[in-house]
Amino acid sequence: MTSAATLARPAQAPAPATSAGSLADRLRDRIAAAEAVSFDVFDTLFVRLLASPEDVFDLVGARYGIPDFRRHRTAAQTRAFQVMHERERQEIDLDGIYECLPDLGVPAETLKRAEWEIELAVLRLNPEMEAVLRLAREMGKRCVLNSDMYLPRAFFEELCAREGIAVDATYVSSERQATKRDHGALFTLVAQDLALAPARILHIGDNPASDIRRGDEMGFATFHYVANLPERDAAPDPAHSLATGVSRFAAYHTERSPWWRVGYAAGGPAHLALVRWLEARTRADGIDLLLFLSRDGFTLHRLWPDTGVPSLYFKCSRVLLILASITERNFEENIPFLLSGAEGLCLADISARIGLDLPDEGFLADLGLGAGTVHGRGNRKRFESYLRVMRWRILQICTECRRGLHAYGLKAGLRSGMRIGLVDVGWKGSTQTAFVRFAEPTFGVSVKGYYVCLHRDARRERPGLDMEALITERTHSAETIRDLYANRVVAELCFSAPHGSIIGADLGEDGSVAFAEDPGRGADPRLPGIAAEVDAGIQAAVADLERLVADLKDLPVDLTVPALTAPLLRLARAPSPAEAEVIGSIHNFDSWGSSVLFTNYAASLKVRGAARGDSWPAGLAALRAAGR
């Protein structure tokens, strides 16, 4: 038993600053009014990076090749409770559970140690609750752990040491033979050891019965901690459980922006899947240089390992590549491209997206047009005439793009005989087609495209292209692929960059290449900041996933493509209303089709006037179901 002297209250310190609206800030007055703070451990101060707690047992089974270990371990725990009652004890412990385990061909002591190690490996300090603990410590409050758990106190001490946190005492039901859940006896022990009236102790926990109801009954001040988590789905295997657990961990980072959390939860696992897949595929394919195309490859290139094939973040786009390929001879056949997706755009929009300055109004009036004339089926011929009249200037822009892109390719090291890999999100290979038309005759290279996902008609529409995707019908159903394409705005959000689409390349006299970006028209001004936050969240998630894999050491669990892409697919296909509201608020995301005349929201039921809100069908469905 820990003496009251050991728990002597430290000198009162000034309260630290916390962000307004944070959990720590909301609890500040309650912590100030208490003399000690008691923290529940699991799902409060610490969380498991798993879909469900029992998935630990599947990981133990995976380590030793015991496929039904979970069933045996659960049955042993049930039997341990029976033995506990027979012996008139108050709680089970890990030793008692493993005494009830049948012979599975592996020593029980080995399996018990494995459960300890794996449980330790998957636990992480809850960042939201860490701030509360830090606040309480800095305010001079005594802090204790208070857990109903079969693991011994030594486990909790090892956990705290690993995470670098200090508490004054640890109360574990298995050691003290007293629980919170049954009669609240563990609360009584805490108050006795601290030599405090129960009302002077604030207990924080997630369980409404054992933490809150029992705490209230024992006279403690209590706070019910409820994390804002997505719905928990059962994981079909350990790989899905780990990927889901890391994805859900984003919800505990409440101090971060919602965009950071989107990047962490959905983009991070998907990026790790793509990077691992690319490492294997590019080596097998003998790729000499891997080009991560802007903007889709921005974060991927930042994550690309030094051990991978040589790579570059290659600033170009389908627009720039096609412009660079337009010449006097093929100008007419490229007019449809220059007017593609132009329904509802005005003449100023169409000109701006290819870097063309508008002539004066008198000149346009002679063509029956004005800067604000909106393109439609009835006046398409006039717009085509405008492009033909402006042919000389458009060809000048195309020549500038061609010279700049050629110099950029030389600087990148493109040379005859090279095998080039292009990395793009998807969906139909149009950017690869444009790159091949430009680069193969110019540099004599061969090209293979690597994608997150391809539309089912991509190979039929682009015959002869060498391309491969991470998500295919070998890894996912045809329905899943169709749904991802229909809701692709979410994938494109997770594979973006904090800069505009590249629409021009200008070769300077010193040989440098300056790139022109298309900021879009009426574009959401938040987009660069959103992309930067998504990127930061992705990088944090990948680091956490890699640390988790390292901590699990020799565990033979492969983080498969289906497992790592599941969070992205869930967000794209079945978002919560809150997720749909946040992501749906993005407007004019696609710069090529943007206009100052109208606003395209990803998903919104509140559109008015010249606005649409249906770019993300699943998001729109979620909002409708919730009446938002």
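The values are calculated or read from the model by the stated rules, or taken from the named source; none is laboratory data. Values in this document were obtained by computation on a predicted structure and should not be read as measured data. A quick note on method: Cβ atoms are made from the backbone with ideal geometry, for glycine too, and the neighbour counts reach across all protein chains shown. Heads up: the accessible areas ignore ligands, DNA and RNA and are worked out on the full protein's heavy atoms, side chains in. Shrake-Rupley method; radii C 1.70, N 1.55, O 1.52, S 1.80 Å.
Could you give me the residue pairs with C-beta distances under 6 Å whose first residue belongs to the range 531-547 and is without any contact (Cβ under 8 Å) to a residue 24 or more places away in the chain, whose second residue is open to solvent by less than 40 Å² (accessible area, probe 1.4 Å) and of a type in the set (A, V, I, L, M, F, W, C) wherever it lies, and which are 6+ apart or on separate chains?
Qualifying pairs under 6 Å: none.
Would you mind stating whether T18 is buried (at least 16 other Cβ atoms within 10 Å of the Cβ), under 38 Å from the mean Cα position of the chain (by Cα), in a loop (DSSP other than H, G, I, E, B) and modelled with pLDDT under 95?
When the stated conditions are applied, T18 passes them.
Of all residues in the range 282-293, count the ones that are surrounded by fewer than 17 Cβ atoms within 10 Å (Cβ to Cβ) and not in a loop (DSSP other than H, G, I, E, B).
Residues in the range 282-293 being surrounded by fewer than 17 Cβ atoms within 10 Å (Cβ to Cβ) and not in a loop (DSSP other than H, G, I, E, B): 2 in total.
List pairs: first in the range 13-29 and farther than 21 Å from T222 by Cβ, second at pLDDT 85 or above and acidic (D, E), Cβ under 8 Å, 6+ apart or cross-chain?
Hits for this filter: A13/E138; P14/E138; A15/E138; P16/E138; S19/D25; S19/E255.
Could you check R391 against (1) of a type outside the set (A, V, I, L, M); (2) open to solvent by 30 Å² or more (accessible area, probe 1.4 Å); (3) more than 22 Å from D518 (Cα to Cα) and say which number it fails?
The one condition R391 does not meet is (3).
Checking the condition in contact with a Ser or Thr (Cβ under 6 Å, 6 or more places away or on another chain), closer than 23 Å to I92 by Cβ and open to solvent by 10 Å² or more (accessible area, probe 1.4 Å), which residue from R176, R181 passes?
R181
Just to be sure I understand, how many residues within the range 370-381 are more than 13 Å from I350 (Cα to Cα) and surrounded by 11 or more Cβ atoms within 10 Å (Cβ to Cβ)?
Of the residues in that region, 1 qualify.
Starting from the range 190-202, take each residue that is closer than 18 Å to L133 by Cβ and list its partners that are open to solvent by 10 Å² or more (accessible area, probe 1.4 Å) and of a type in the set (K, R), counting only C-beta distances under 6 angstrom and pairs at least six apart or across chains.
As it stands, the answer is L202/R30, since those pairs meet every condition given.
Among the residues that make up the range 537-554, is at least one of them at pLDDT 95 or above, open to solvent by 20 Å² or more (accessible area, probe 1.4 Å), among the hydrophobic types (A, V, I, L, M, F, W, C) and not in a loop (DSSP other than H, G, I, E, B)?
Scanning the range 537-554 turns up at least one residue that is at pLDDT 95 or above, open to solvent by 20 Å² or more (accessible area, probe 1.4 Å), among the hydrophobic types (A, V, I, L, M, F, W, C) and not in a loop (DSSP other than H, G, I, E, B).
For A371, only one of the following conditions fails: (1) hydrophobic (A, V, I, L, M, F, W, C); (2) closer than 18 Å to V319 by Cα; (3) in a loop (DSSP other than H, G, I, E, B); (4) touching a helix residue (DSSP H, G or I) at 6+ places or on another chain (Cβ under 6 Å). What is its number?
(2)
If you go through the range 245-259, how many residues are closer than 23 Å to D551 by Cβ and either without any contact (Cβ under 8 Å) to a residue 60 or more places away in the chain or open to solvent by less than 40 Å² (accessible area, probe 1.4 Å) (or both)?
Summing the residues that are closer than 23 Å to D551 by Cβ and either without any contact (Cβ under 8 Å) to a residue 60 or more places away in the chain or open to solvent by less than 40 Å² (accessible area, probe 1.4 Å) (or both) in the range 245-259 gives 9.
What about E217, is it more than 30 Å from C494 (Cα to Cα) and either of a type outside the set (A, V, I, L, M) or in contact with a His (Cβ under 9 Å, 6 or more places away or on another chain) (or both)?
yes
Might you let me know whether the range 494-502 holds any residue that is hydroxyl-bearing (S, T, Y) and touching a strand residue (DSSP E or B) at 6+ places or on another chain (Cβ under 8 Å)?
yes
Filter the range 605-628 down to the residues that are open to solvent by less than 70 Å² (accessible area, probe 1.4 Å) and either among the basic types (K, R) or within 22 Å of the chain's Cα centre (by Cα) (or both) and list them by number.
Those that are open to solvent by less than 70 Å² (accessible area, probe 1.4 Å) and either among the basic types (K, R) or within 22 Å of the chain's Cα centre (by Cα) (or both): S615, W616, P617, A618, G619, L620, A621, A622, L623.
Looking for something among the acidic types (D, E), more than 22 Å from V246 (Cα to Cα) and surrounded by 17 or more Cβ atoms within 10 Å (Cβ to Cβ) - is there at least one such residue anywhere in the range 86-97?
yes
So that you can scan it fast, the table gives a plain yes or no per residue for (1) part of a loop (DSSP other than H, G, I, E, B); (2) farther than 29 Å from Q539 by Cα; (3) in contact (Cβ under 8 Å) with a residue 24 or more places away in the chain:
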{"site": "R295", "(1), (2), (3)": "yes, no, yes"}
{"site": "V309", "(1), (2), (3)": "yes, no, yes"}
{"site": "C316", "(1), (2), (3)": "yes, no, yes"}
{"site": "L321", "(1), (2), (3)": "no, yes, yes"}
{"site": "T327", "(1), (2), (3)": "yes, yes, yes"}
{"site": "P336", "(1), (2), (3)": "no, yes, no"}
{"site": "G344", "(1), (2), (3)": "yes, yes, yes"}
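Here are some residues: V47, V56. Which one is outside any helix (DSSP H, G or I), open to solvent by less than 50 Å² (accessible area, probe 1.4 Å), among the β-branched types (V, I, T) and at pLDDT 95 or above?
Result: V47 is the single residue among V47, V56 that is outside any helix (DSSP H, G or I), open to solvent by less than 50 Å² (accessible area, probe 1.4 Å), among the β-branched types (V, I, T) and at pLDDT 95 or above.
Kindly list, by first and then second residue, each pair from a residue in the range 573-589 that is without any contact (Cβ under 8 Å) to a residue 60 or more places away in the chain and closer than 10 Å to A602 by Cβ to a residue that is of a type in the set (A, V, I, L, M) and in a loop (DSSP other than H, G, I, E, B), limited to pairs with Cβ atoms under 7 Å and residues at least 6 apart or on different chains.
A580/A603; G584/A602; G584/A603
Take E119 and tell me if it is within 17 Å of F57 (Cβ to Cβ) and either in contact (Cβ under 8 Å) with a residue 40 or more places away in the chain or crowded, with 17+ Cβ neighbours inside 10 Å (or both).
Here the answer is yes, as E119 does meet what is asked.
Could you grab me the full set of residues in the range 206-224 that are more than 18 Å from A33 (Cα to Cα), touching a residue at least 24 places away in the same chain (Cβ under 8 Å) and within 32 Å of the chain's Cα centre (by Cα)?
D206, N207, D211
Residues of the range 548-597 being of a type outside the set (A, V, I, L, M, F, W, C) and more than 26 Å from A531 (Cβ to Cβ), which ones?
Those that are of a type outside the set (A, V, I, L, M, F, W, C) and more than 26 Å from A531 (Cβ to Cβ): D551, K553, D554, P556, D558, T560, P562.
Could you identify the single residue in F156, F220 that is of a type in the set (F, W, Y) and farther than 25 Å from R28 by Cβ?
So the residue among F156, F220 that is of a type in the set (F, W, Y) and farther than 25 Å from R28 by Cβ is F156.
Output the residue which, of all residues in the range 193-239 that are at pLDDT 95 or above and of a type in the set (D, E), is most open to solvent (accessible area, probe 1.4 Å).
Out of the qualifying residues, it is E217.
State all residues of the range 474-506 that are in contact (Cβ under 8 Å) with a residue 40 or more places away in the chain and in a loop (DSSP other than H, G, I, E, B); if no residue qualifies, say none.
T475, H476, N487, F495, S496, A497, P498, H499, G500
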